[in-house]
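Take a look at the structure set out below.
The values are calculated or read from the model by the stated rules, or taken from the named source; none is laboratory data. For clarity, every value in this text was computed on a predicted model and none was experimentally measured. So basically every Cβ, Gly included, is an ideal-geometry build from the backbone, and we count neighbours across all protein chains shown.
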Amino acid sequence: MESPDMLNAEATLWSQIFSFLKSMTLKCAIEIGIPNAIHNHGQPMTLYELHDALSLPINNKPNLRRILRMLTHVGFLSVRQNTGTDTELVYDLTPISRLVINKPNSSSLSSFVLAMLDFTFVKSSLHLGDRLKQDKLETFEMAHGCTLWELTGQSPEFNTLFSNAMASDSSFLSDFIIKHGNVFQGISSLVDVGGGSGSVSMAIAKAFPDIQCTVLDLPHVVSHLPDDGLVKFVSGDMFCYIPPVDAIFLKWILHDWADEDCIKILQRCKEAIPPRDAGGKVIIVDAVVGSVSSTTYRESQLLFDMMMMTVCPGGKERDEDEWWNMFKEAGFSSYRIIANLGVRSIIEVYP
């Protein structure tokens, strides 16, 4: 190998090695409040303005500049020369950083980011090699001595962190799901299985008042949630029983489980809904690997597949053939994929 090729290979290797620091820099930006500060300021900010607004120690101004340099490099912020100056730079929000601004009546993904980059999840990824060398424990169990779902039941703090992350994702995605309103046409009742705090169900109920929406989830998830008349919350186990309904809604549920577990869940779904000619169906929101041509979407699907390998026993992202094989095994006759949710898709499955 020629010297330039070797040096390019080394640079690429370094980029791969240290890519985790892009994520940690993003986490830092949200924790110290950079996106919120620029948003609240109403216009781009200089390093000095940001330093003052964030109330950071004076000796951390050079470190803040280094953080901002990385954030602009990865596209989280934009940077330009300040008008009328030769050296001063101003930093502004981009579409990515606008996703994590915390403001009233707006969906923010900051809770999702902070949860996914919490050490609870990061620690699990350190055991990937150990997991592949043996066939007993999963990576999350290696890291924490219990499964993800056991930890949510044991630790109120982690349960809140995880629930807030899922709720923020649901709030963000609900508007895009509602735009595909034809999916919900002709439905009078719907059960949101594993729907958590009910963010998506509430959006569906508001957009389609004729649909009676129920959230089914584990007791520690829904027992404290009030019944506001818009959405009903029911404690239960999706592996055992799902209340009879026109349609079942499964958002980001099946990718948490191995194929045999998904088939059990789908069988419970099939038992709960009427035949297709009576309007029965299952509506799934999940990734279909390879269904989109965008390189960014594809990489995000593959990265989240690695995430599932580290946190959920048997959890994975599936391609279309893998989905169809499970649907057939569970007794369903056909399906339709609507690939218009970015990384994820809507899949209608018919009995």
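Listed here are the helices (runs of 4 or more DSSP H) enclosed by the range 212-324 that have at least 1 residues being surrounded by fewer than 16 Cβ atoms within 10 Å (Cβ to Cβ), hydroxyl-bearing (Ser, Thr, Tyr) and on the phi < 0 side of the Ramachandran plot: 295-311. Filtering the range 286-297 for residues that are aromatic (Phe, Trp, Tyr) and closer than 25 Å to residue 146 by Cα leaves an empty set. Candidates are the residues of the range 4-23 that are among the polar types (S, T, N, Q) and within 31 Å of the chain's Cα centre (by Cα); the one that is surrounded by the most Cβ atoms within 10 Å (Cβ to Cβ) is 23.
The residues of the range 74-109 that are over 21 Å from residue 46 (Cβ atoms), of a type outside the set (A, V, I, L, M) and at pLDDT below 95, listed by number, are 102, 103, 104, 105, 106, 107, 108. Hey, among the residues in the range 16-51 that are among the polar types (S, T, N, Q) and within 20 Å of residue 62 (Cβ to Cβ), which one's modelled with the lowest pLDDT? Among residues in the range 16-51 that are among the polar types (S, T, N, Q) and within 20 Å of residue 62 (Cβ to Cβ), the one modelled with the lowest pLDDT is 46. Within the range 183-235, if we keep just the residues that are acidic (Asp, Glu) and under 20 Å from the mean Cα position of the chain (by Cα), the residue that is farthest from residue 348 (Cα to Cα) turns out to be 217. So is residue 298 modelled with pLDDT under 95 and over 16 Å from the mean Cα position of the chain (by Cα) or not? Here the answer is no, as residue 298 does not meet what is asked. Restricting to the range 325-340, count the residues that are surrounded by 15 or more Cβ atoms within 10 Å (Cβ to Cβ) and either under 17 Å from residue 262 (Cα atoms) or out of contact with any Ser or Thr (no Cβ under 8 Å at 6 or more places or on another chain) (or both). The qualifying residues number 5.
Figure legend. Inter-residue proximity from the range 303-326: first residues free of Cβ contacts under 8 Å to residues at least 24 places away in the same chain, second residues part of a helix (DSSP H, G or I) and charged (D, E, K, R), beta-carbon distance below 6 Å, spacing 6+ or different chains. No pairs are indicated. Residues in the range 88-144 that are of a type in the set (A, V, I, L, M, F, W, C), in a loop (DSSP other than H, G, I, E, B), touching a residue at least 40 places away in the same chain (Cβ under 8 Å) and more than 27 Å from residue 51 (Cβ to Cβ): 0 in all.
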